[in-house]
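Q: Shown below is the structure under consideration.
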Amino acid sequence: MTRVWLTAAVLFLFTLEGTVVQVISPTTWGLSWLAVPRFALVAIVLIAMLLGRREGLYYGLVFGFLQDVLFGDVIGIYMVTMAMAAYFSGLIVLLFQRGFGMIFVTSLLVLFGHEWLLYSLFRLFTAAPEDVRWIVIQQILPTVGLNAVVAIVAYVPFRNMCRKIEAKREVPSME
């Protein structure tokens, strides 16, 4: 049952990033920078670090595909980038302890890498702005900042749900 709640939480964050958050977007208030909410990606990265890279990969593929179908211009870009971000964040966790500091720093690096990879792929396949400095300052860094706040807020609930799932995995069956 906890896995259902975990998936529902990621789906809720996915819905939130596409609806309610658009009202509080910096561009709505006349600011020149753009902070793109990637709440589902933050949740998927946390899942990958807390439950394992394979679990994160599956969530990344599914929610990346949803992102492509609902919001994307090119099918497959978000699916690939979200799956890669989740898988690599799960790999990084294998090298270090799973403390809050390590998970937070890894989340920041993975979010930055995801945004950079998205920019690179869009530049490769479609028309994207050519000024890299502008993209980093006006879009990537504000996006990473916004999603870092979400990572801090979402860490404890996702950690608790993932611990419950891990505890159920470790219980031997009575066969």
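Just so you know, all these numbers are worked out from the coordinates, no wet-lab data involved. Computed from a predicted model, the values in this text were never measured in an experiment. Positions of Cβ are generated from backbone atoms using ideal geometry, with glycine treated the same way; all protein chains shown enter the neighbour counts.
Q: For the chain, set up a Gaussian network in which alpha carbons nearer than 10 Å are linked by springs, and say which option among Val36, Val45, Val156 fluctuates the most.
A: Val156
Q: Extending each Cα 7 Å along its Cβ direction at Tyr58 and Trp33, get the distance between those two points in nm, one decimal.
A: Once both label points are built, they end up 3.8 nm from each other.
Q: Here's a follow-up. Classify the stretch 64-154 as rounded, prolate or oblate, taking a ≥ b ≥ c as the square roots of the eigenvalues of its Cα gyration tensor: rounded when a/c is under 1.5, otherwise prolate if a/b is larger than b/c and oblate if not.
A: Working: a/c = 2.02, a/b = 1.49, b/c = 1.36.
In terms of gyration-tensor shape, prolate.
Q: Taking 0.36 nm per residue of sequence separation and subtracting the Cα-Cα distance, how much length would be gained by fully extending the chain between Leu124 and Arg159, in nm to one decimal? Show your work: numbers first, answer last.
A: Working: separation 35, 0.36 × 35 = 12.60 nm, distance 3.67 nm.
Roughly 8.9 nm would be gained on extension.
Q: Let me ask something else about it. Please state the shape class of the stretch 1-94: rounded when a/c is under 1.5, otherwise prolate if a/b exceeds b/c and oblate if not, all from the C-alpha gyration tensor.
A: Here the stretch 1-94 falls in the prolate category.
Q: In deg cm²/dmol, rounded to 500, what helix-only [θ] at 222 nm does the chain give when every DSSP H run of at least 4 residues adds -39500 (n - 2.57) and the total is split over its residues? Write down the numbers at each step before the final one.
A: Values: 7 runs with 126 residues, N = 175.
After summing the helix terms and dividing by the residues of the chain, the value is -24500 deg cm²/dmol.
Q: Continuing with the same structure: For Gln139, what is the net charge nearby, where nearby means another residue's Cβ is under 13 Å from its Cβ and Lys, Arg count +1, Asp, Glu -1?
A: Once all neighbours under 13 Å are counted, the net charge is +1.
Q: Springs between alpha-carbon atoms under 10 Å, Gaussian network over the chain: tell me which of Gln139, Gln67, Gln97 tops the mean-square fluctuations.
A: Gln97
Q: Hey, rough spin-label estimate for Leu95 and Ala8, points 7 angstrom out along Cα→Cβ, what's it come to in nanometres?
A: 3.8
Q: Please find, in a Gaussian network model of the chain (springs between Cα atoms separated by less than 10 Å), the residue of Ala154, Ala40, Ala85 whose mean-square fluctuation is greatest.
A: Ranking Ala154, Ala40, Ala85 by mean-square fluctuation puts Ala154 first.
Q: Further question on the same structure: Please give, to one decimal in nm, the separation of the simple spin-label points placed at Leu109 and Thr19, each 7 Å out from Cα toward the Cβ.
A: With each label placed 7 Å out from Cα toward Cβ, I get 3.6 nm.
Q: Now, a different point. In percent, what relative contact order does the stretch 1-159 have, based on Cα pairs under 8 Å that are 6 or more apart in sequence?
A: That works out to 27 percent.
Q: Rounded to whole Hz and in sequence order, give me ³J(HN,Hα) for the stretch 108-116 from the Karplus expression 6.51 cos²θ - 1.76 cosθ + 1.60, θ = phi - 60°, writing x for Gly and Pro.
A: Going residue by residue, I get 4, 5, 5, 5, 5, x, 5, 5, 5 Hz, with x marking Gly and Pro.
Q: From the phi of every residue in the stretch 133-150, what ³J(HN,Hα) in whole Hz does the Karplus formula 6.51 cos²θ - 1.76 cosθ + 1.60 yield, where θ is phi - 60° and glycine or proline is x?
A: 4, 4, 4, 5, 6, 8, 10, 5, 5, x, 5, 5, x, 4, 6, 5, 5, 5
Q: Report the net charge of residues surrounding Arg123, where surrounding means a beta-carbon distance below 13 angstrom and charges are Lys +1, Arg +1, Asp -1, Glu -1.
A: Details: positive: none; negative: Glu115, Glu130, Asp131.
Spelling it out: positives minus negatives among the neighbours equals -3.
Q: Kirkwood hydrodynamic radius of the chain from all distinct Cα pairs, in Å? Intermediate values should be presented prior to the final figure.
A: Values: mean 1/r = 0.0601 Å⁻¹.
Evaluated on the chain, it is 16.6 Å.
Q: Volume per residue, Å³, of the convex hull around the alpha-carbon atoms of the stretch 36-83? All intermediate terms of the calculation are to be shown ahead of the outcome.
A: Working: hull volume 2.8 nm³, N = 48.
About 58 Å³ per residue, rounded to a whole number.
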